[in-house]
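Worksheet: the structure to be examined is printed underneath.
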Amino acid sequence: AATEPKFPATQLALQNFDMTYSIQFGDLWPSIRVSLLSEQKYGALVNNFAAWDLVSGKLEKLSARDFVNDAICHGEVEAESGQTTTPSLASGSCSPNLRCFTFPRGDVSRFPPARLGSLGVMDYYLMDAASLLPVLALGLQPGDTVLDLCAAPGGKTLALLQTGCCRNLAANDLSTSRTGRLQKVLHSYVPQDIRDGNRVRVTSWDGRKWGELEGDTYDRVLVDVPCTTDRHSLREEENNIFQRSRKKERQMLPMLQMQLLAAGLLATKPGGHVVYSTCSLSHLQNEYVVQGTIEFLANQYSIKVQVEDLTHFRKLFMDTFSFFPSCQVGELVIPNLLANFGPMYFCKMWRLT
Amino acid sequence: MALNNLAQERRGVCYMGVSDWHRLIPLAWAHVARRTPLREQKRTCASLLCQLATASKGGSLRKVSCVEPRKYVRESECRANVTRYRLEEQRTPVARGVLEREKVISALLDMGFSDIHVNELLSMWPSVPTQQVLDFISELILLGLNPEPVYVAVKKSPELLKLPMMHVRKRSSYLRKLGLGEGKLKTVLLCCPEIFTMPQRDIDGIVGVLREKCLFTVQQVTRILHRCPYVLQEDPGELEYKFQYAYFRMGVKHADVVRTDFLRYSITRIQQRHVFLERLGRYQTPDKKGQTRVPNPLLKDILRVSEAEFLARTACSSAAEFDVFKKLFAREEEEKTESPMPDSERLSVDEEEEEEEEGEEE
């Protein structure tokens with residue numbers, strides 16, 4: 001049998017992106033492309049279960065800044081000066097107690113690896129700072145019951161716990177090996193008394209079934225779906241979704257994503273909120289999925305879901321991240337060499353009925 | 001000039017030659033030379049060159065020495081008084097030194113150097129005998145350089161005057177063989193006076209890389225040395241790497257490497273600008289058929305233009321982004337040479353971009 005010509009999956013990914021994104025983003029594509037192919041920027045999420053004020057001080061000494069705090073202050077100043085017309089979307093709607101440090105625009109410094117603190121947990125968690133935005137946008141409030149439908153490897157799950165708002169947190173991921181990683185993260189960062197009991201539940205079930213499993217249950221749901229993981233697919237050959245053998249799977253992604261979002265919405269209490277997020281630039285995996293799912297739920301279940309406008313939210317974080325200006329629904333952080341975060345798409349929805 | 005060489009070799013006889021020369025009244029002769037119209041001066045220069053050439057090719061020195069005095073004695077006969085004065089003077093060593101200096105001065109003036117330049121040249125390295133200065137400069141003139149560039153080169157690198165003449169002659173002949181004479185040598189000498197001082201094996205190293213490793217033709221090598229003289233100062237391994245980068249990584253053919261003076265640019269500049277363009281999607285390495293999806297920008301628009309123009313016209317990007325890119329790229333290169341660290345070792349780094357692993361059911 002003839003062997004397939006050796007063409008790395010990372011190359012196939014790049015070719016795919018060149019074709020799709022040059023059209024989708026036009027003149028913006030080259031600057032996104034060079035950023036995706038260069039080292040990404042990280043944020044340090046402070047562990048509130050450690051000595052967070054000391055940790056914050058340490059990070060400040062490195063000349064990093066808490067971009068969440070900066071954004072909230074920025075928002076408060078604007079509200080006071082009467083520049084915002086929608087006070088309900090002011091800083092109060094961001095999930096509270098999140099502290100995340102980044103280096104300024106254009107600064108390529110790296111954070112030292114996280115260390116174990118005196119309280120037996122790690123001091124901070126390094127992640128793509130843009131990953132925090134879906135959690136901030138979800139707008140947790142004290143006492144909320146929260147579902148993280150595709151939780152692994154656990155950065156966003158950890159952030160949800162950091163808010164201190166979760167009465168109960170259900171963290172699920174289909175893959176057992178990935179939930180294993182999630183457990184490790186929780187063990188390293190969250191004290192046992194919080195992990196124990198009914199406060200945090202980790203499962204490895206099929207997320208698509210959640211409508212049936214726990215319908216109308218949660219105040220806040222995060223649906224951070226599997227996607228083409230654009231940045232990762234350009235760098236890592238192993239298990240790359242652009243391998244020829246995974247072509248069908250890749251083409252089925254939007255369908256899978258819609259099913260997961262639908263399940264997440266079904267699992268939300270009426271009046272509750274959902275944030276859908278991906279780390280892909282693809283219109284087909286982002287807006288298309290949101291719009292398709294909302295329509296599906298309206299038609300099949302007569303459930304009314306409204307997209308929430310995040311314009312004000314985006315403005316709070318404009319100094320730290322580069323946002324794509326033309327999303328139909330939701331917001332998209334695009335990588336830029338000066339702020340090499342993302343890609344991160346997120347869209348907030350309100351289940352009305 | 002040739003006479004003085006003779007003088008160095010055959011002491012006894014030289015006095016005869018020297019005293020013949022005395023009758024030329026060098027100083028007076030110099031006056032004559034200066035008052036002679038330029039065209040005639042050039043002829044004088046040309047005839048001198050001719051004689052020098054004959055001399056350097058090992059022609060009979062004696063013959064040369066005889067021709068000169070006869071020609072000029074006629075011109076200076078009227079200065080008999082000065083001659084007598086001179087003849088008395090020349091007996092003392094100091095006088096001999098002065099006389100020699102006068103000869104050298106005239107010779108240099110003859111070649112077309114100005115008074116000021118002559119004085120400067122002779123005082124550049126006092127420990128070097130004036131004769132040696134003259135010999136070296138003559139050699140450069142013989143290689144086809146004009147006085148002005150010679151002056152500039154020597155002024156820039158006075159250490160050239162210290163070189164032993166045998167070495168200088170060997171090097172000159174080698175440079176001629178390489179095709180570096182006349183105007184070509186001027187550029188090289190100004191950028192790279194080391195072309196005379198560097199050991200032969202170092203030049204061989206560079207030429208060897210160009211000929212045997214990079215497979216440039218002889219004419220191409222000449223052109224490269226002429227237009228990119230700094231290659232002589234490069235490490236041969238790095239020069240070879242630079243060529244390989246052009247040929248394999250960027251798909252630039254030999255003729256274009258030569259035509260665009262590619263080797264003149266630092267590898268840093270080349271890599272920074274090329275990789276930046278490549279990652280932007282604006283440069284593609286040609287495939288086996290030499291084709292690219294979209295035509296690549298011209299090499300001159302990548303390498304030759306200023307950074308501002310490169311960013312505005314070729315890259316269509318901003319200075320701020322390029323600055324960040326340069327830092328990131330430098331770090332990547334640095335870490336490439338260190339031992340690679342697997343990603344899994346970065347314990348607390350979130351791999352949010354993890355692959356969906358299908359089929360791993362409970």
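The values are calculated or read from the model by the stated rules, or taken from the named source; none is laboratory data. The structure displayed is predicted, hence computed values, not measured ones. Cβ sites come from the backbone with ideal geometry, for glycine too, and all protein chains shown count toward neighbours.
Tabulated data
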read-out: Selection status of B:Ser172, among the hydroxyl-bearing types (Ser, Thr, Tyr), closer than 27 Å to B:Val104 by Cα and free of Cβ contacts under 8 Å to residues at least 12 places away in the same chain; value: no
read-out: The listed residue being within 11 Å of chain B (Cβ to nearest Cβ) and crowded, with 24+ Cβ neighbours inside 10 Å, out of A:Ala129, A:Ala114, A:Ala137, A:Ala171; value: A:Ala129
read-out: Checklist (1) part of a helix (DSSP H, G or I); (2) more than 30 Å from A:Asn16 (Cβ to Cβ) applied to B:Arg273, failing item; value: (2)
read-out: Hey, A:Ile303 in a loop (DSSP other than H, G, I, E, B), more than 11 Å from every other protein chain (Cβ to nearest Cβ) and free of Cβ contacts under 8 Å to residues at least 60 places away in the same chain or not; value: yes
read-out: Conditions (1) of a type outside the set (Ser, Thr, Tyr); (2) free of Cβ contacts under 8 Å to residues at least 24 places away in the same chain; (3) in contact with a helix residue (DSSP H, G or I) (Cβ under 7 Å, 6 or more places away or on another chain): number failed by B:Lys184; value: (2)
read-out: Residues located in the range A:305-322, provided they are buried (at least 19 other Cβ atoms within 10 Å of the Cβ) and under 21 Å from B:Glu321 (Cβ atoms); value: A:Phe317, A:Thr320, A:Phe321, A:Ser322
read-out: Residue count, the range B:110-149 (criterion: of a type in the set (Ser, Thr, Tyr) and surrounded by 17 or more Cβ atoms within 10 Å (Cβ to Cβ)); value: 2
read-out: Complete set of residues in the range B:191-227 that are closer than 22 Å to B:Val150 by Cβ and either free of Cβ contacts under 8 Å to residues at least 40 places away in the same chain or not hydrophobic (A, V, I, L, M, F, W, C) (or both); value: B:Cys191, B:Pro193, B:Glu194, B:Ile195, B:Phe196, B:Thr197, B:Met198, B:Ile203, B:Thr222, B:His226, B:Arg227
read-out: Scan of the range A:133-143 for residues that are assigned to a loop (DSSP other than H, G, I, E, B) and closer than 20 Å to A:Pro270 by Cβ, ordered by number; value: A:Gly139, A:Leu140, A:Gln141, A:Gly143
read-out: Count - residues of the range B:251-275 that are over 29 Å from the mean Cα position of the chain (by Cα) and either away from chain A (no Cβ under 14 Å) or charged (D, E, K, R) (or both); value: 1
read-out: Residues located in the range A:321-336, provided they are more than 14 Å from chain B (Cβ to nearest Cβ) and touching a residue at least 12 places away in the same chain (Cβ under 8 Å); value: A:Phe321, A:Phe324, A:Cys327, A:Gln328, A:Val329, A:Gly330, A:Glu331, A:Leu332
read-out: Any hit, the range A:252-272, residues being crowded, with 16+ Cβ neighbours inside 10 Å and in a loop (DSSP other than H, G, I, E, B); value: yes
read-out: Meets criteria (modelled with pLDDT under 95, crowded, with 20+ Cβ neighbours inside 10 Å and part of a helix (DSSP H, G or I)) for B:Phe243; value: no
read-out: Subset tally (residues that are under 30 Å from A:Val190 (Cβ atoms) and within 12 Å of chain B (Cβ to nearest Cβ)) for the range A:22-60; value: 8
read-out: Scope the range B:276-321; condition assigned to a loop (DSSP other than H, G, I, E, B), within 14 Å of another protein chain (Cβ to nearest Cβ) and either at positive phi or acidic (Asp, Glu) (or both); matching residues; value: B:Gly281, B:Asp287, B:Cys316
read-out: Every pair of residues 6+ apart whose Cβ atoms lie under 6 Å, when the first sits in the range A:149-162 and is more than 10 Å from chain B (Cβ to nearest Cβ) and under 11 Å from A:Leu186 (Cβ atoms) while the second is of a type in the set (S, T, N, Q) and not in a loop (DSSP other than H, G, I, E, B); value: A:Ala151/A:Thr157; A:Ala151/A:Asn172
read-out: Residues of the range B:197-224 classified as in a loop (DSSP other than H, G, I, E, B) and polar (S, T, N, Q), total; value: 1
read-out: Hits in the range A:207-222 (condition: charged (D, E, K, R), within 14 Å of chain B (Cβ to nearest Cβ) and surrounded by 15 or more Cβ atoms within 10 Å (Cβ to Cβ)); value: A:Arg208
read-out: Hits in the range A:209-224 (condition: β-branched (Val, Ile, Thr) and over 19 Å from the mean Cα position of the chain (by Cα)); value: A:Thr217
read-out: Among the candidates A:Glu39, A:Glu76, A:Glu60, A:Glu80, residue that is within 22 Å of the chain's Cα centre (by Cα) and more than 21 Å from A:Ser282 (Cβ to Cβ); value: A:Glu39
read-out: Flag for A:Asp206 being under 27 Å from A:Thr353 (Cα atoms) and over 18 Å from the mean Cα position of the chain (by Cα); value: yes
read-out: Top-ranked residue in the range B:88-109 [being more than 21 Å from B:Asp135 (Cα to Cα) and surrounded by fewer than 13 Cβ atoms within 10 Å (Cβ to Cβ); ranked as modelled with the highest pLDDT]; value: B:Val94
read-out: Residue within the range A:216-233 that is among the small types (Gly, Ala, Ser), in a helix (DSSP H, G or I) and farther than 20 Å from A:Arg178 by Cα present; value: no
read-out: Tally, over the range A:38-78, of residues that are in a helix (DSSP H, G or I), crowded, with 22+ Cβ neighbours inside 10 Å and of a type in the set (S, T, N, Q); value: 0
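A quick yes/no check of all residues on (1) within 14 Å of chain B (Cβ to nearest Cβ); (2) within 24 Å of A:Asn340 (Cβ to Cβ); (3) at pLDDT 95 or above:
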| residue | (1), (2), (3) |
| --- | --- |
| A:Gly197 | no, no, no |
| A:Asp224 | yes, yes, yes |
| A:Asn240 | yes, yes, yes |
| A:Pro254 | yes, no, yes |
| A:Leu266 | no, no, yes |
| A:Lys269 | no, no, yes |
| A:Val274 | no, no, yes |
| A:Thr278 | yes, yes, yes |
| A:Val289 | no, no, yes |
